[in-house]
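Shown next, in structure tokens, is the structure this report addresses.
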Amino acid sequence: MYKKLLFPPVLIFFGYALITQNDFKIISSGIAIFIVGMIFMEDGFKLFTGGVLEKILKKTTNTVIKAIFSGFVSTAIVQSSSLISVIAISFLSAELITLSQAIGIIFGSNIGTTATAWIVAAFGVKIKISHYAMPMLVFGVIFSFFKGRSIKGAGFILLGLGFIFLGIGYMKEGFETLKQGIDLGQYAMGGYLGIFVYIFIGAVATVIIQSSSATMAIIITAVATGQIEYVNAIALAVGANIGTTVTAVLGALTSNADGKRLAVAHFIFNMITALFTIIFIYVLMDLVDAISKVVGIGEKDIALKLALFHTIFNIAGVVLVTPFVNKMVTFLNKLFIFKGEKRGKPMYLDEEVIKTSEPALKALYKETEHLYDSVSHLTIQALRLHRAEVWSDKEMREVTETITGKNIDIGEVYNERIKQLYSDIIRFAVLSESYMNDKERQQVYEIKVANRKIIEVTKDISDIQKNIALFMNDKNEFISDLYNTLRTRLAELLRDIDLIRQKPDGLAAATKFEVIKDSIKEFDVSLNQKISNLLRKNKIDDLMATSVMNDSSFTKSISRRYLECASILWLSDETIKEIQTETIGPSQ
């Protein structure tokens with residue numbers, strides 16, 4: 001919403017300025033090219049790493065300290081805090097890492113973003129960096145035509161670096177030309193009033209540009225060309241940190257609960273860091289001067305001193321906030337808790353993770369589990385059983401000896417709760433496939449098959465439910481017992497699958513799977529023999545026999561579909577899956 005409101009006036013302002021102000025046109029072009037470079041860099045690393053980055057982050061974040069270090073290193077390398085944030089959110093949503101570990105990644109990522117400032121300060125304003133952009137762009141374009149993901153990714157990375165260097169060159173040129181006509185330094189403001197004014201300007205600029213790295217590049221090139229004072233540049237840098245938090249919070253409005261909690265953590269961290277910096281800004285400036293003398297940064301090398309300041313205050317924020325991460329987690333876990341089930345709403349799908357293959361796959365698996373849970377609970381309700389008792393250790397015959405609850409309208413529940421969730425999963429799967437390799441697309445195909453099997457269960461269970469309501473209270477105890485046998489069988493199946501889900505160990509799960517698979521056929525044969533015997537002895541009539549035989553077929557179909565879905569979701573060993581595919585056979 002805020003983008004729609006800001007877009008028209010910003011567009012009009014930029015259009016007028018670009019036409020009338022040549023210096024502004026050059027600087028704006030530099031910013032635009034820089035941002036394009038950041039986008040190419042991000043996409044390039046997604047292709048080039050092929051999921052390696054996600055695997056490294058997943059394995060090196062088992063403690064908060066390791067998570068901070070991993071967030072720092074990965075962001076410094078890929079030059080994209082947004083990519084690292086997306087991975088952190090997706091891992092958190094998929095429950096691969098805890099909230100405290102995700103917070104650690106975000107904290108480290110904040111420090112990692114200072115790498116951009118060092119690149120601009122150390123190279124961008126000292127040498128003709130745009131000269132190095134040209135060969136990068138040429139080879140980047142050449143590599144981008146290759147079909148291999150790694151080579152194409154390397155091409156995008158080169159394109160990204162080339163555009164970043166070219167953008168820095170344009171910004172530097174624009175500010176140097178601007179200096180000859182207008183000296184922005186005359187508008188410098190001293191004291192805390194100036195600090196607050198420039199903090200506000202930095203925050204607004206970052207919200208508009210949508211990139212704190214781009215804002216820092218502008219600030220450093222501006223201070224290096226003498227367009228703004230050092231202290232005002234520091235305030236702008238603090239504002240950029242606040243602005244990126246605002247951007248993250250606004251972006252999280254459409255995210256899931258985990259994304260919102262992480263955005264709040266990011267907001268708290270940056271606000272505490274900003275407050276600390278504002279209070280001790282002159283002390284920190286003296287610290288920068290002292291360190292600069294030690295490491296050899298010249299007195300007039302303002303760009304490098306600004307990069308050093310940017311690094312110090314981000315590290316200071318991590319040092320200040322990290323001891324309180326556990327208390328922060330306790331607070332955050334109380335936020336965004338929805339009373340009751342979020343009907344028809346996905347819990348794990350997030351638009352931000354679609355372009356990153358492994359997190360997207362994790363989200364799809366978790367959301368399919370969510371759909372499975374919804375339909376399995378619906379099945380239990382249709383069988384007129386208590387959910388807690390089905391998952392308990394009680395004998396199943398004891399659980400199913402009575403009818404509980406009321407008859408539900410499965411069609412209504414499907415339309416209100418199931419259908420939209422299924423549609424969201426399929427849409428997410430289709431969109432994410434274009435960013436995946438062949439192996440990953442095969443996994444997406446299997447996930448779509450699992451979802452289809454789950455949905456098919458709802459139709460079969462709807463047919464059974466009608467006769468459960470009709471015959472379970474029938475005066476004929478034989479037909480009642482037959483339907484109670486069907487109820488017991490399906491409830492036992494769900495309980496057995498849950499045991500596989502809890503312990504998806506290869507050998508144990510495969511053994512359990514084979515036992516369940518064999519029992520499906522055995523149960524169907526045994527029940528049909530029992531129906532035939534009762535019919536011959538006139539214990540049940542033709543109508544009853546036909547109904548229960550049909551429902552026995554539905555029970556067999558439901559069992560097979562649940563089992564096929566379980567094999568996709570919880571049995572990861574490829575050899576076992578291949579054996580299962582051969583032995584289960586198609587659903588009937």
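The values are calculated or read from the model by the stated rules, or taken from the named source; none is laboratory data. Keep in mind that what you see is a predicted model, and the values were worked out from it rather than measured. Cβ atoms come from the backbone with ideal geometry, glycine included; neighbour counts cover every protein chain shown. When the accessible area is computed, the model is the full protein with side chains, heavy atoms only, and any ligands, DNA or RNA have been set aside. Shrake-Rupley method; radii C 1.70, N 1.55, O 1.52, S 1.80 Å.
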Legend entry - Listed residue (478, 134, 499) projecting farthest to the positive dipole end of the chain, Cβ model: 134
Legend entry - Span from the region 523-563 Cα centroid across to the region 364-392 one, whole angstrom: 24
Inset, instruction - Go through region 258-271 residue by residue and turn each phi into a ³J(HN,Hα) via Karplus (6.51, -1.76, 1.60, θ = phi - 60°); whole Hz please, and just put x for glycine and proline. - result: 5, x, 5, 5, 5, 5, 5, 4, 4, 4, 4, 4, 5, 5
Legend entry - Rough spin-label spacing in nm, given labels placed 7 Å along Cα→Cβ, for residue 389 and residue 134: 8.2
Legend entry - Accessible area of residue 398 in the full protein assembly, 1.4 Å probe (Å², nearest 10): 90
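Taking chymotrypsin sites (Phe, Trp or Tyr not before Pro) that fall in a DSSP loop and have at most 10 other Cβ atoms within 10 Å as cut points, what is the longest piece of the chain between them?
339-588
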Inset, instruction - Could you size up the charge dipole of the chain around its Cα centre, putting +1 on the beta carbon of Lys and Arg and -1 on that of Asp and Glu, and report it in debye to the nearest 20? - result: 320
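With a 1.4 Å probe and every protein chain left in place, work out the accessible area per residue of region 482-564 in Å², rounded to a whole number.
That works out to 46 Å² per residue.
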Legend entry - Between helix 281-295 and the chain: long-axis angle, C-alpha atoms, 0 to 90°, nearest 10: 80
Legend entry - Furthest towards positive pole of dipole, 377, 319, 359, structure part region 278-395, Cβ charges: 377
Legend entry - Relative contact order of region 300-437, pairs being alpha-carbon contacts under 8 Å that are 6 or more residues apart, as %: 31
Legend entry - Relative contact order of the chain, defined on C-alpha pairs under 8 angstrom at six or more residues apart (%): 12
Legend entry - region 362-489, accessible surface, carbon-and-sulfur percent (1.4 angstrom probe): 47
Inset, instruction - Measure nothing but the geometry: give the 0 to 90° angle between the long axis through the Cα atoms of 191-209 and the longest principal axis through the Cα atoms of the chain, rounded to 10°. - result: 50
Inset, instruction - Return the calculated 222 nm mean residue ellipticity for the chain, to the nearest 500 deg cm²/dmol, obtained by summing -39500 (n - 2.57) across DSSP H runs with n ≥ 4 and dividing by the residue count. - result: -26000 deg cm²/dmol
Inset, instruction - Round to the nearest 10 and report in Å² the accessible area of residue 225, as given by a 1.4 Å probe over the protein chains' heavy atoms. - result: 30
Legend entry - Only Lys, Arg (+1) and Asp, Glu (-1) charged, at Cβ; region 341-459 dipole about Cα centre in debye: 280
Legend entry - Accessible area of residue 498 in the full protein assembly, 1.4 Å probe (Å², nearest 10): 40
Legend entry - Placed amide H near residue 228: partners under 5 Å, 5+ positions off or other chain: 223
Legend entry - FRET efficiency for residue 420 and residue 21, using Cβ-Cβ distance with R0 set to 45 Å, rounded to 0.05: 0.35
